[in-house]
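Down below is the structure, laid out as structure tokens.
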Amino acid sequence: MNYLYSLMLLFGGLFAINFVFSYQGKHIDAHFWSTLKFQLWMIPVFLIANLSVGYGVKFGLKSTENLSYVLVVAKCMEIVISIIMGYLFLKEIPNWKTWIGLAIIVAGIVLVKQK
């Protein structure tokens, strides 16, 4: 059950963080004051997202007892979320190189998890 909690919390927190930065990159002016105002409004979102990521790592560590594995899975999850954000905000379609890169990452996770 800790696996499921970990994956849900990590995905939710990382998705929220990447969503905020993607939205900022697409819709918020690059001027300092508008960016500062937006970031101040996002403090509660970042608080919740950081708590989610922190507890996701904690539950992942409880279930696997291997911090390296948990952090690698979190980074891989963030790469997939980045691809999703690229599609949502910029309508970027992943090409064959992206899919090969993801396959290499998955193979790396499988290798790390083996004993």
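Counting residues in region 4-12 that are over 22 Å from G108 (Cα atoms) and open to solvent by less than 70 Å² (accessible area, probe 1.4 Å) gives one or more. Cβ-Cβ distances below 6 Å connect the following pairs, each with a first residue in region 38-63 that is touching a residue at least 12 places away in the same chain (Cβ under 8 Å), a second residue that is in a helix (DSSP H, G or I) and aromatic (F, W, Y), and a separation of six or more residues or different chains: F59/Y5; S63/Y3. If you go through region 24-72 and pick out every residue that is part of a loop (DSSP other than H, G, I, E, B) and either in contact with a helix residue (DSSP H, G or I) (Cβ under 6 Å, 6 or more places away or on another chain) or closer than 25 Å to A107 by Cβ (or both), you end up with 4. On the stretch given as region 76-108, residues that are over 19 Å from A16 (Cα atoms), over 16 Å from the mean Cα position of the chain (by Cα) and of a type in the set (A, V, I, L, M) total 5. If you go through region 13-35 and keep only what is crowded, with 17+ Cβ neighbours inside 10 Å and among the β-branched types (V, I, T), you end up with I17, V20. Considering region 91-109, and only residues there that are of a type in the set (D, E, K, R) and on the phi < 0 side of the Ramachandran plot, the residue that is surrounded by the most Cβ atoms within 10 Å (Cβ to Cβ) turns out to be E92.
The values are calculated or read from the model by the stated rules, or taken from the named source; none is laboratory data. Source: prediction; values computed, not measured. Methodologically, a virtual Cβ is constructed for each residue, glycine included, from the backbone with ideal geometry; neighbour enumeration extends over all protein chains shown. Ligands, DNA and RNA are excluded from the accessible area calculation, which covers all protein heavy atoms including side chains. Shrake-Rupley method; radii C 1.70, N 1.55, O 1.52, S 1.80 Å.
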